[in-house]
Structure formats: structure tokens, C-alpha cells
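Note sheet for the following structure.
Bear in mind these aren't lab numbers, they're just calculated from the coordinates by the rules spelled out. In this text the structure is predicted, and so the values were computed from the model without any measurement. All Cβ positions, glycine included, derive from the backbone under ideal geometry; neighbour counts span all protein chains shown.
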Amino acid sequence: MRIRSTVLQCVFWACSSGVVLAQQSLAELEQAALNTHTAWFTLASNLDVRVARMLPCDAAATSAIEEVNRTSTARLVALSNYVKAVADQSAKDVATARQIQRAETAYLTGVGTERTDTEQERAGIESQINNLAESVRKKVSLTAASDDLRQIEASVRERANMITSNASAAEGSLKYFEEFASTLEKREAAIRKFIASLDEERTKWNGYYTARLARARVECSAMGAGK
């Protein structure tokens with residue numbers, strides 16, 4: 001039981017330590033994603049107004065579109081990095097939950113044998129107590145030995161009750177971590193799917209700004225041809 005407790009404490013300690021470090025890293029990545037999104041949104045929201053004031057052949061118009069395109073790519077890369085880190089942390093959480101689940105399963109596998117051994121030990125002590133009881137009546141000097149056996153029997157009985165209690169707790173824990181790990185796996189799958197959508201989003205926005213640059217060049221060419 002001490003071994004099981006130590007194993008679970010190590011797992012939880014490792015998990016807690018990893019979570020603290022992961023939260024710090026995720027916070028930095030999240031802030032980077034927010035900053036790049038703000039930078040893109042600021043430029044993109046007034047791009048049309050700025051470009052409308054420029055002539056088609058004005059190099060500043062092309063630069064403005066290219067700048068927004070760069071910030072768009074940067075914010076999607078930052079967002080992708082953040083979400084990938086979240087997905088990786090989710091994978092680690094799943095592994096931790098499964099590790100605890102395996103530890104509980106291993107404990108439950110051996111608890112039956114431990115319970116049987118303890119009951120046999122207690123039964124043997126009870127038998128000795130019963131055998132000694134008759135001798136105590138005849139020989140008072142054996143009273144101390146009888147009392148010692150009763151104390152040992154009480155200690156073994158307490159250990160047996162603790163084993164039963166721990167087994168019940170382990171069964172409940174096993175069910176909880178099975179459901180918990182399953183939920184985490186579904187969450188990770190959803191995050192991975194979102195990451196794939198970010199690649200599509202990046203392609204879409206790159207295509208949009210590339211088309212705007214091409215249109216600006218066409219308009220510039222048309223103006224040059226009309227002179």
C-alpha cells in the first residue's frame with residue numbers, strides 16, 4: 001500500500017510540475033498569438049481606406065498589402081504554435097491519466113492476493129488465540145502472550161480493513177481516470193482537427209492578399225497603357 005501511494009504521489013508530482021511549466025510556456029505562446037492577431041487586425045481593418053487614397057501605381061499601396069499579408073501569416077503561425085502546444089499538453093495529460101489508470105489496475109490485480117494472505121494470517125492468529133485461551137485458564141503466566149496475540153490480531157484486522165477500503169477507492173479511481181482519459185483524448189483530437197483548419201485558413205488569406213496584389217498591378221498596368 002505504501003508502494004502504491006508512493007507511485008501515485010510521484011505521478012501527481014510529475015504531472016503538477018509539468019503543468020506549471022506548461023502553463024508558463026502556453027501563456028507566452030498565447031500572448032504572442034494575441035499580439036500578432038492585434039497587429040494584423042489593426043492593419044487589415046483600415047487597409048481599404050489607406051489603399052483607396054493611393055494611386056494604383058503607388059509603391060506604398062503594394063507595400064501596405066504586403067505588410068498586411070505578412071502580419072496575417074505571422075498571426076496564423078503564432079496561433080498554430082499556441083494550439084499545437086495546447087494539443088501537445090493534452091497528449092501529456094492523456095499519458096498521465098493512463099499512467100495512473102495502469103497503476104490502479106496493477107494495484108487491483110494484486111490486491112486480491114494481498115487480501116487473501118491477510119485473512120489467512122488473521123485466521124491463523126485467531127486460531128492461536130483460541131488454543132491459548134484454554135491454557136491461560138490453567139496457567140496465568142500465559143496471559144501476557146495471549147494479550148500480545150490479540151494486539152497482533154487487531155493490527156492484522158485493521159490492515160485487512162484498510163486493504164478493502166483502498167481496493168474500493170482504487171476501483172472508483174480506475175473508472176474516473178478511464179472516463180477522464182477518454183475525455184482528454186477527444187479534446188486532443190478536436191484540437192488537432194482545428195490545427196488542420198488553420199493551415200487551410202493560412203492558404204485562404206495568402207490567396208486573398210496575393211489576389212489583391214495582382215489586382216493592384218493590373219490596375220497600374222492599365223493606367224500606364226492608357227497614357
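Tabulated values for the structure
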| read-out | value |
| --- | --- |
| FRET E, pair T183, Q31, Förster distance 30 Å, beta-carbon r, rounded to 0.05 | 0.65 |
| Region 34-112, relative contact order [Cα under 8 Å, separation at least 6], % | 34 |
| Separation in nanometres of the label points that stand 7 Å from Cα toward Cβ, at L47 and M162 | 6.8 |
| Computed E for S155/T105 - FRET, C-beta separation, R0 30 angstrom, nearest 0.05 | 0.55 |
| Length gained when the stretch K193-E119 is fully extended (0.36 nm per residue, less Cα-Cα span) | 21.3 nm |
| Near-label residues of region 196-218 by backbone N, under 15 Å of a point 7 Å along Cα→Cβ of A91 | 196 |
| Proximal charge balance of Y209 [Cβ under 15 Å; K/R count +1, D/E count -1] | +4 |
| Positive minus negative residues near R50 (Lys, Arg vs Asp, Glu; Cβ under 12 Å) | -2 |
| Residue order, fewest to most beta carbons within 10 Å, for L76, L55, L47 | L55, L47, L76 |
| Local electrostatic count, F180, Cβ distance below 13 Å [Lys/Arg +1, Asp/Glu -1] | -2 |
